[in-house]
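J.: Pasting a structure below so you can have a look.
Every number here is computed from the coordinates shown, using simple stated rules; none is lab data. Bear in mind the structure is a predicted one, so any value in this text is a computation, not a measurement. With ideal geometry, Cβ positions are generated from the backbone for all residues, glycine too; neighbour counts draw on all protein chains shown.
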Amino acid sequence: MNERLVLAEALLDLLPAEKILAISREPATERMQKLLVRNAVYLEKLGVLGFLTDQIEKWEPLDLFNRIHSPLEFLLERLQEKPLLPERDLLYFEEHVRRLCAPHLKVPFSLYSAAALERERNDILMEDKPGYRLEKEGPAFDRLSNLVAGAGKRIREMEPLLAEETFFFIRTLVVDFSLEGVLLYSSLPWQPGTVEIAPRLIAKREGHTRFSDALLELLTAAQLVHESRHQKHYYLFRCEDTEPVSIGQFGFVKPEFTGIPLNVTWSALPTTKPFHKFFTLAISIGWELRFLEASRGRGGLTDEEDRVVESLIRRKRKYLLPLLVQGELFRDLFTPEGEHLLEKLFVWSGYH
């Protein structure tokens, strides 16, 4: 089986972290090598180019993953805009790059609280958004930790490998408990590993205004499943296509068709996404739907809260079916590996 086909199948399949790192090692090394060439002048200025060039072939797969699945590429692109950056931001970004290039990089799981999730921004680091706070101890940290632990338990009860993947690809979680924001959830493709969730707003959208711990755990778990698929796909797409993220990843779509509009149904107004996002959208919704269906009647929910779950299931089915129909109608837009994965997705999702 060719390398690209292995990467394509990994988008849908659940795999141990060691397997994911093994199958992506060669393309991840190629991506890092290209990143060094593109940014050689700036990395030399920061005093890290020699170390990176010497170590890249010696790194373990996890070392490569920790650099690719990080804001490193985002930071280097921002630094190329040096004339536009204030001196304070320039020094701040440079220090972040040096940290990500350190010999023994460790990436802890971080929890942030937010007064209200902000719209996605591609000009600052996530932790610099107004109202975002890193929690390390105290009542807010305890509340977040209990929520994540309860959500993780629910995912493990459904499928242990799904839980392993979820917390391998999500490195930073931002939770908004308020009802003040406008953003329900988000993954940041230019800052891999970062996920934002507002579980109360998700329940409110389904017409529910009382929030038990059990319901918030389940809604958080469902969204973690969804967003972790996006995070996994961001990494695998970077391995499939080793060009800069700012150019846009192929996503197992033929390069000439990546910008073709893909119609989506989760907005009140007609909305499209680029066609190269087909697999990450369909597979993320599909796995969330599987989790929600497996959670029916379980987890100590009231009858009213069970109706929230049913409402979400109906909503996600309405999102998924039009995507699968477009995949069938436009199958010629996919690469051979993409066509193979498309057939697997049809079988997996029960689409005929």
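J.: Every residue in region 128-142 that is surrounded by fewer than 16 Cβ atoms within 10 Å (Cβ to Cβ) and part of a helix (DSSP H, G or I), please.
T.: Matches in region 128-142: ASP128, PRO139, PHE141, ASP142.
J.: Cβ contacts < 6 Å: first residue touching a residue at least 40 places away in the same chain (Cβ under 8 Å), restricted to region 51-69; second residue assigned to a loop (DSSP other than H, G, I, E, B) and surrounded by fewer than 17 Cβ atoms within 10 Å (Cβ to Cβ), any location; separation 6+ or different chain. Result?
T.: ASN66/LEU105; ASN66/VAL107
J.: Which ones in region 301-344 are without any contact (Cβ under 8 Å) to a residue 60 or more places away in the chain and in contact with a Ser or Thr (Cβ under 9 Å, 6 or more places away or on another chain)?
T.: Scanning region 301-344 gives LYS318, TYR319, LEU320, LEU321, PRO322, LEU324.
J.: To continue, here is another question. So for region 204-226 (the condition being of a type in the set (A, V, I, L, M), closer than 30 Å to PHE93 by Cα and surrounded by 18 or more Cβ atoms within 10 Å (Cβ to Cβ)), does at least one residue qualify? Step through it out loud before you land on a result.
T.: From region 204-226, those of a type in the set (A, V, I, L, M) are 214-216, 218-219, 221-222, 224-225; that's our starting set.
Checking which are closer than 30 Å to PHE93 by Cα leaves us with 224.
Imposing the further condition that a residue be surrounded by 18 or more Cβ atoms within 10 Å (Cβ to Cβ) reduces the set to 224.
Yes, some residue in region 204-226 is of a type in the set (A, V, I, L, M), closer than 30 Å to PHE93 by Cα and surrounded by 18 or more Cβ atoms within 10 Å (Cβ to Cβ).
J.: Can you go through PRO71, PRO108 and tell me which one is within 19 Å of the chain's Cα centre (by Cα) and surrounded by fewer than 12 Cβ atoms within 10 Å (Cβ to Cβ)? Steps first, please.
T.: Numbers: PRO71 fails: surrounded by fewer than 12 Cβ atoms within 10 Å (Cβ to Cβ).
Result: PRO108 is the single residue among PRO71, PRO108 that is within 19 Å of the chain's Cα centre (by Cα) and surrounded by fewer than 12 Cβ atoms within 10 Å (Cβ to Cβ).
J.: Now for a separate question. Using the structure shown, decide if ILE197 is buried (at least 18 other Cβ atoms within 10 Å of the Cβ), more than 29 Å from PHE74 (Cα to Cα) and in contact with a helix residue (DSSP H, G or I) (Cβ under 8 Å, 6 or more places away or on another chain). I'd like the intermediate steps shown before the answer.
T.: Details: buried (at least 18 other Cβ atoms within 10 Å of the Cβ): yes; more than 29 Å from PHE74 (Cα to Cα): no; in contact with a helix residue (DSSP H, G or I) (Cβ under 8 Å, 6 or more places away or on another chain): yes.
No; evaluated as a whole, the condition is false for this residue.
J.: Go through region 320-352 and give me each residue that's closer than 19 Å to GLU288 by Cβ and not in a helix (DSSP H, G or I).
T.: Listed by number, the residues that qualify are GLY350, TYR351.
J.: Every residue in region 146-184 that is more than 19 Å from the chain's Cα centre (by Cα), under 17 Å from GLU196 (Cβ atoms) and part of a helix (DSSP H, G or I), please.
T.: Answer for region 146-184, where residues must be more than 19 Å from the chain's Cα centre (by Cα), under 17 Å from GLU196 (Cβ atoms) and part of a helix (DSSP H, G or I): just LEU147.
J.: Determine whether ALA8 is closer than 30 Å to SER349 by Cα, small (Gly, Ala, Ser) and in contact with a Ser or Thr (Cβ under 9 Å, 6 or more places away or on another chain). Lay out the reasoning, then the answer.
T.: Working: closer than 30 Å to SER349 by Cα: yes; small (Gly, Ala, Ser): yes; in contact with a Ser or Thr (Cβ under 9 Å, 6 or more places away or on another chain): yes.
The answer is yes for ALA8.
J.: Name the one entry in ALA17, ALA8, ALA22, ALA28 that is without any contact (Cβ under 8 Å) to a residue 60 or more places away in the chain, under 30 Å from VAL253 (Cα atoms), small (Gly, Ala, Ser) and surrounded by 13 or more Cβ atoms within 10 Å (Cβ to Cβ). Steps first, answer last, please.
T.: Numbers: ALA17 fails: without any contact (Cβ under 8 Å) to a residue 60 or more places away in the chain; ALA8 fails: without any contact (Cβ under 8 Å) to a residue 60 or more places away in the chain; ALA28 fails: without any contact (Cβ under 8 Å) to a residue 60 or more places away in the chain.
Residue meeting the stated conditions: ALA22.
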